[in-house]
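Here the structure comes first, spelled out in structure tokens, and everything after it is commentary.
The values are calculated or read from the model by the stated rules, or taken from the named source; none is laboratory data. From a predicted model like this one, the values you see are computed outputs, not experimental measurements. We place every Cβ from the backbone using ideal geometry, glycine too, and count neighbours over all the protein chains shown. The area values use the complete protein model at the heavy-atom level, side chains included, leaving out ligands, DNA and RNA. Shrake-Rupley method; radii C 1.70, N 1.55, O 1.52, S 1.80 Å.
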Amino acid sequence: MSLDFIKDLGYKALDSRFKRISDRMAHDVRKLYKEFNIDIEPNWYLVFMLLQKKGEISIVTIADSLGYAHPSVVTIVKKMAEKDYLHIKKDQVDKRKQMISLSPKAIEMLPQLEQIWHSCEKAILELLSGDLVILQYLDHIDAALKTTSFHQRFRQEYLNSKES
């Protein structure tokens with residue numbers, strides 16, 4: 001057995017392997033931002049890009065567009081607003097709804113951020129050797145989990161094993 005226990009477990013540790021890769025990439029992106037004195041977090045870029053494309057939208061729309069849980073988006077938006085990257089205001093019609101938009105500070109930073117994100121995209125493509133078939137596998141996993149949650153699958157397998 002090698003020193004890489006997660007790798008040795010193969011498909012049994014799929015979620016841990018994804019998390020480890022994601023954590024490594026996020027750490028390195030955070031390191032790059034720090035080198036260039038950019039005070040943002042790696043997981044904010046999707047919100048930046050979505051708001052750049054859509055303009056002013058609600059937190060619910062952000063959560064739905066990204067497939068994130070509402071509380072996760074609230075946390076990200078709050079942190080981004082604290083750093084003055086977002087404007088938050090009440091919806092004109094539904095005062096319970098918060099509308100989110102990029103601040104002037106964020107808009108001013110977009111050209112530099114886009115250059116960084118483009119470089120990141122190129123690095124990912126190079127890492128994948130230009131072979132994007134992994135995205136088809138991820139699409140398949142994502143679609144399958146939308147149809148039947150992992151909880152349901154896991155529970156059914158567990159109940160089946162108790163019957164055997």
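See the values below:
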{"read-out": "Computed E for VAL60/TYR11 - FRET, C-beta separation, R0 41 angstrom, nearest 0.05", "value": "0.75"}
{"read-out": "Ordering of 10-21, 39-50 by burial proxy (mean other Cβ atoms within 10 Å per residue, highest first)", "value": "39-50, 10-21"}
{"read-out": "Calculated SAXS-style log₁₀ I(q)/I(0) at q = 0.22 Å⁻¹ - region 69-164, Debye, Cα scatterers", "value": "-1.06"}
{"read-out": "The chain, Cα convex hull volume normalised per residue, Å³", "value": "179 Å³"}
{"read-out": "Viscosity 1.002 mPa s, 20 °C: Kirkwood-radius Stokes-Einstein D of region 26-109 over Cα pairs, µm²/s", "value": "162 µm²/s"}
{"read-out": "Solvent-accessible surface (1.4 angstrom probe) belonging to VAL133, in square angstrom, nearest 10", "value": "50 Å²"}
{"read-out": "Crossing angle, helix 45-54 versus the chain [Cα axis fit, 0-90 degrees, rounded to tens]", "value": "60 degrees"}
{"read-out": "Qualifying trypsin sites (Lys or Arg not before Pro) in region 55-164, DSSP loop, other Cβ atoms within 10 Å at most 11", "value": "LYS95, ARG96"}
{"read-out": "Carbon/sulfur fraction of accessible area - the chain, other protein chains in place, 1.4 Å, %", "value": "57 percent"}
{"read-out": "Estimated distance in nm for a label pair at ALA144 and GLN98, the labels positioned 7 Å out from Cα along Cα-to-Cβ", "value": "3.7 nm"}
{"read-out": "Crossing angle, helix 104-127 versus the chain [Cα axis fit, 0-90 degrees, rounded to tens]", "value": "30 degrees"}
{"read-out": "Helix 133-147 vs. the chain, principal-axis angle (Cα, 0 to 90°, nearest 10)", "value": "90 degrees"}
{"read-out": "Probe 1.4 Å, accessible area per residue of the chain, Å²", "value": "76 Å²"}
